[in-house]
Amino acid sequence: MSGLVIIMGLIATGVGITTAMSRLRVASRAYRRTATLYASMPEGWTSWFLGGFSSLTVGSHWLWATVALTGWTVAGAFLIGLGLQLLCRP
């Protein structure tokens, strides 16, 4: 039983890493797409808005990637700790 819980913890940590990597790829694509629009626009308020929006988009994606990674890692660490406690219990 303890081995199963430890494996579930390792899987949860792997899911967190995979989710975070996916969110960062999405952020990179969104930034490139918006930056392309920004580069093609003439100077002025609209270009300033697009530049700020692309930075805000990347920042929010990085924030959610960090939250997802932290959440899944904490869940994985909890399950690994629980599995080790079950293993050491007489």
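A few comments on the model shown:
- Test: residue in region 20-28 that is within 30 Å of Cys88 (Cα to Cα), surrounded by fewer than 14 Cβ atoms within 10 Å (Cβ to Cβ) and at pLDDT 85 or above: no
- Identity of the residue in region 51-70, touching a Ser or Thr at 6+ places or on another chain (Cβ under 9 Å) and touching a residue at least 40 places away in the same chain (Cβ under 8 Å), that ends up surrounded by the fewest Cβ atoms within 10 Å (Cβ to Cβ): Ala68
The values are calculated or read from the model by the stated rules, or taken from the named source; none is laboratory data. This structure is a prediction, so every number in the text was calculated from the model and none was measured. FYI the Cβ positions are ideal-geometry reconstructions off the backbone, even for glycines, and counts take in every protein chain you see.
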